[in-house]
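The structure appears right after this line, and notes come after that.
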Amino acid sequence: MTTALPRSRDDKLTIAEICKDLKISRSTFYDWRAKRRAPRCIKLPNGDLRIRRSDYEHWLDGREDRA
């Protein structure tokens, strides 16, 4: 059974959830982040990263092919 991403636009997603949704490795996500190609992240005091669902959806919308 697959776990669905949280539904509220204010929910915070983990890097693991983003990687699973995009079917990419963590290293790919961090490579994109280093190149400023990843969605905006929130850095927690313990160093973990979270991504607002609304930021993730906005980021995905910006990658749509308009052809």
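Before moving on, here are some points about what is shown:
- Those residues of the range 16-41 which are surrounded by 10 or more Cβ atoms within 10 Å (Cβ to Cβ) and either in contact with a Gly (Cβ under 6 Å, 6 or more places away or on another chain) or in a loop (DSSP other than H, G, I, E, B) (or both), in sequence order: Ile24, Ser25, Arg37, Ala38, Pro39, Arg40, Cys41
- Gly62 passes every criterion in (1) modelled with pLDDT of 95 or more; (2) open to solvent by less than 90 Å² (accessible area, probe 1.4 Å) apart from (1).
- Residues (free of Cβ contacts under 8 Å to residues at least 12 places away in the same chain and either open to solvent by less than 90 Å² (accessible area, probe 1.4 Å) or not basic (Lys, Arg) (or both)) located in the range 42-56: Leu44, Pro45, Asn46, Gly47
- Subset of the range 43-60 [touching a helix residue (DSSP H, G or I) at 6+ places or on another chain (Cβ under 7 Å) and not in a strand (DSSP E or B)]: Tyr56
The values are calculated or read from the model by the stated rules, or taken from the named source; none is laboratory data. Fair warning: this is a prediction, and the values are worked out from it, not measured in the lab. All Cβ positions, glycine included, derive from the backbone under ideal geometry; neighbour counts span all protein chains shown. Protein only, heavy atoms only, side chains kept; ligands, DNA and RNA dropped before computing areas. Shrake-Rupley method; radii C 1.70, N 1.55, O 1.52, S 1.80 Å.
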